[in-house]
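Worksheet: one structure, shown below.
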Amino acid sequence: MRAFAMVLGMVLVVAACASSPTAEQQAAADYGPPVGQEAAEAAAKEYLGGRLKDPYSAVYQCAPISKGFIQAAPLVGQKMQFGWLLDCTVNSKNSFGAYTGAKPYQFLFRDGRIIHVSGQECLAGGGCYMAPMR
């Protein structure tokens, strides 16, 4: 329990150091060329296709692609990344053949390719957060 409290405290400290860009920074940011909705969704499906147990059963629901950014955590050397953001929820089957429930994913595009992906991770205690995927 003590280790959990320490890890939670460290996560909160790192999260507190991450800041959102100001309106001026967002207006001046270089997002790169726009990405089409169909191309973005196809790239997202290809990315997750190799990571899901049953990619053919996956049901995708994606919001319209828009300008966006990924938060930075300066304490661990990350920088703010701007690009085109695609938010999707994906429901797919697990090893037992049952649907697991829709989980959110975020895909950040730059110059027509995915540069960052985040997916929902849930803790044993029930708290969930968006974590970078590798």
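A short reminder: the numbers here are calculations on the coordinates, not readings from a lab. Note that this is a predicted model, so its numbers are computed, not measured. Glycine also receives a Cβ, built like all others from the backbone with ideal geometry; neighbour counts cover every protein chain displayed.
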- Pop a pseudo-label 7 angstrom from the Cα along the beta-carbon direction at both H116 and Q26 and give the gap in nm to one decimal. 1.5
- Message: Give the lysines whose C-alpha is closer than 19 Å to that of K45, dropping any in the same chain fewer than 8 places away, or say none.
- Response: K53, K93, K103
- Task: Mind ranking 22-32, 102-112 by how tightly packed they are, going by the mean number of other C-beta atoms within 10 angstrom, highest first?
- Result: 102-112, 22-32
- Packing-based ranking, highest mean first, of 121-129, 39-47 given that Cβ atoms within 10 Å are counted: 39-47, 121-129
